Amino acid sequence: MSITMQTGPNAAPPATASLAARLFTLCYGAIAYLIFFGTFLYAVGFVSRFIVPKTVDSGAASSPMTALLVNLVLMSIFAVQHSGMARQGFKKLFARFASPAIERSTYVLLASLTLILLFWLWQPMPAVVWHIENPVVAGVVTAGGFLGWLIVLYSTFLISHFELFGLTQVVTHFAGRAAEPMKFKTPGLYRLIRHPIYLGFIIAFWCTPTMTLGHLLFAAVTTAYIFVGIYLEERDLVSVFGDQYRRYREKVAMLVPGVF
């Protein structure tokens, strides 16, 4: 998910917007956030096979080829939406037809809906790739997966969780204030690696005591997508912050401190 430092347009203060329009914007952003947060929690259960009714390994199994094609299509839909709407060209186009205050909320909402579609239609591929039988080692690996999810959530709060998911923008719009200019900041984990959110996802996707073929497909494709997302995101960040981001990129590792 492209949810590190954001580079979207700043909304002007809604001086002429009616109270009803501003209230609609606020409610829209709040609903989008709640849908996102529910989807995030479901994603934890989906990947970790914990509590939720449909997981990466549950459901009626189709033929391996059918499952492969369906799952690749579902992940491609998410990738196209997620990367396409994160680009500056889309943001500028969106601002021509709707308030920039809801651009981030719209992005979050559609990303959540494409994930819900993936959860709903995902086809299990139950062949086991590896299985850890030792209960202590299995427990450690499972805990590692949940640690990855905590890293994701913690990292969003380091760089303004509510702005990343659109709430700050709609609240500011409702209050009639101009959005604050974008600032480049590297708090906490961002001093050690440039993309702790992505690192958290990778850990969460791969740390499992039982790796099925379907889970392996999900982990491998999403990891490959993460590296594509990093390339696109850093290109945007360089265009916005210039040499400031180039110096940061030279000094700080991408995902693993001291390695890459």
Across segment 81-105, what is the number of residues that are more than 13 Å from the chain's Cα centre (by Cα) and open to solvent by 20 Å² or more (accessible area, probe 1.4 Å)?
-> 15
Kindly indicate which of 111, 143 is touching a His at 6+ places or on another chain (Cβ under 7 Å) and either open to solvent by 40 Å² or more (accessible area, probe 1.4 Å) or outside any loop (DSSP other than H, G, I, E, B) (or both).
-> 111
Checked 170, 152 against criteria (closer than 23 Å to residue 54 by Cβ, in contact (Cβ under 8 Å) with a residue 24 or more places away in the chain, hydrophobic (A, V, I, L, M, F, W, C) and crowded, with 20+ Cβ neighbours inside 10 Å); the one match is 152
Listed by first then second residue, the pairs whose first member lies in segment 179-194 and is closer than 26 Å to residue 99 by Cβ, whose partner is in a loop (DSSP other than H, G, I, E, B), with beta carbons under 6 Å and at least 6 positions apart or on separate chains, are 179/10; 179/11
Would you mind telling me which numbered condition in (1) assigned to a helix (DSSP H, G or I); (2) out of contact with any Cys (no Cβ under 7 Å at 6 or more places or on another chain); (3) surrounded by 14 or more Cβ atoms within 10 Å (Cβ to Cβ) residue 76 fails?
-> (3)
Would it be correct to say that residue 211 is farther than 23 Å from residue 83 by Cβ and either hydroxyl-bearing (Ser, Thr, Tyr) or open to solvent by less than 70 Å² (accessible area, probe 1.4 Å) (or both)?
-> yes
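The values are calculated or read from the model by the stated rules, or taken from the named source; none is laboratory data. Everything numeric in this text was worked out from a predicted model, so none of it was measured. Heads up, the Cβs are rebuilt from the backbone with ideal geometry, glycines too, and the neighbour counts pull from every protein chain shown. These area figures cover heavy atoms from the full protein model, side chains too; ligands, DNA and RNA do not enter into them. Shrake-Rupley method; radii C 1.70, N 1.55, O 1.52, S 1.80 Å.
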